[in-house]
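What follows is one structure encoded as structure tokens, with my remarks underneath.
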Amino acid sequence: MLSHGPVQTDVDFETQGKRSGFLDLNHSDNAHAFSLIRVPVGVIQGAPGPTVLLSAGSHGDEYEGQVILHQLMQEIEPSMIKGRLIMLPALNTPAVLGRTRVSPLDGGNMNRSFPGDPDSGPTGAIAAFVNAHLIVMADVVLDFHSGGTATEYVDCGFVCAGPNPEMNAANLEIAQVFGAPYTMVCPIDGTGGDFDTSAYRQHTRFLSCELGGMGRFSPASYATGWKGVQRVFAHLGMTGHKVETADSRFIDIGAGSSFATTAQHGLAQLHVSPGQVVQKGDILATIFDVHNFGTKCAELRASQDGIVAICRRNPLVQPGDHLCQVTHELSPSELNKIMRPD
């Protein structure tokens, strides 16, 4: 039995075989006065080898990763792998069931709740269990995201660059093996409460990814993630498959990116889509006044050359809403400078 605060599990993580169970969260509210909140977990352990922790459903309205993990659980048998898979297909189960980004129980955003706190509410308690017990078991963590209901992303890996060049290089290697069409690079500042930073602090290799979005399931984005996972397993020596290579374009979503942000209420016409190349000054979006028919409020233009990485779904906007993010493609020398800080 493993426990941390109000979360406990009797799942066997150590012996060979294939099994599923739950992380059980004790939480009392009007709907759960005599209940457990159950977070599904699966374990597949074959011959000796590395451990990969896979998670999805950190945000409940992101679906490609959830389906990938369900498919892995169905298809893989212990005899097929060297090592261990630990899978959490609905990490924030209340959000998954509610089809929401954050938990309906406490408004908790799982990917802003790490390293967690067992006394901070359901979301923080689940994060605290994962941080205390599961990250330490893993050689590599793969965390699946998408744009959710609000946005659409280019299919990409997501690498956080921190102060440790060795960790950066190890994470970069996993991103290159995963081989999504794009890989986003973002600095770790230690303040975001994200899963990435918690793994980084425990010196565990970590790759998250963004696959599709718009609150739907994308077969093409699913295929990107599925192939990437198979390449990572082969690279780690967990399967007998040949390690296939796939090129990824590295893009900066830190200081080398910019947002097109509206200062008006209105109806937005977006003129670009994820993956599109734009030049500085190109019109990215037009904002129309909803009540003054025929009135154009504003045009949002690109402030830099680059690639459109993220686009907004909902065209009804208010001041402060981002319509899209334009990113800078990193040259090999620029990437090396970020990943190997002085």
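Taking all protein chains as they are arranged and a probe of 1.4 Å, the heavy atoms of Thr245 leave approximately 130 Å² accessible to solvent.
Only lysine pairs 8 or more places apart or on separate chains count here, and in the chain those with Cα atoms under 24 Å apart total 6. Taking the DSSP beta bridges with both ends in the chain, the antiparallel portion is around 65 percent. Highest mean packing comes first when the peptides 308-314, 322-328 are listed by Cβ atoms within 10 Å, giving 322-328, 308-314.
Selection among Leu91, Gly157, Ala255 by position relative to the dipole of the chain gives Gly157 as farthest towards the positive end (Cβ unit charges, Cα centre). With the simple spin-label model, which puts each label point 7 Å out from Cα in the Cβ direction, the Met137 to Asn26 separation comes to 2.1 nm. The angle separating the long axis of helix 165-178 from the principal Cα axis of greatest extent in the chain is about 80 degrees.
Sequence-distant contacts, meaning Cα pairs under 8 Å at least 6 residues apart, place the relative contact order of the chain at 15 percent.
Each Lys and Arg Cβ is given +1 and each Asp and Glu Cβ -1; about its Cα centre, segment 186-342 then shows a dipole of about 400 debye. Once all protein chains are placed together, Ser35 keeps about 50 Å² accessible to a 1.4 angstrom probe. What the Cα atoms of segment 155-265 give is an Rg and a Dmax of 15.3, 56 Å. Judged by the mean number of other Cβ atoms found within 10 Å, the most tightly packed of the peptides 137-145, 153-161, 72-80, 253-261 leads the ranking 153-161, 137-145, 253-261, 72-80.
Take the Cα of Ala246, go 7 Å toward its beta carbon, and the backbone nitrogen atoms of segment 152-185 under 11 Å from that spot belong to 155-157, 176-182.
The values are calculated or read from the model by the stated rules, or taken from the named source; none is laboratory data. These figures come from a predicted structure and were not determined experimentally. We place every Cβ from the backbone using ideal geometry, glycine too, and count neighbours over all the protein chains shown. Ligands, DNA and RNA are excluded from the accessible area calculation, which covers all protein heavy atoms including side chains. Shrake-Rupley method; radii C 1.70, N 1.55, O 1.52, S 1.80 Å.
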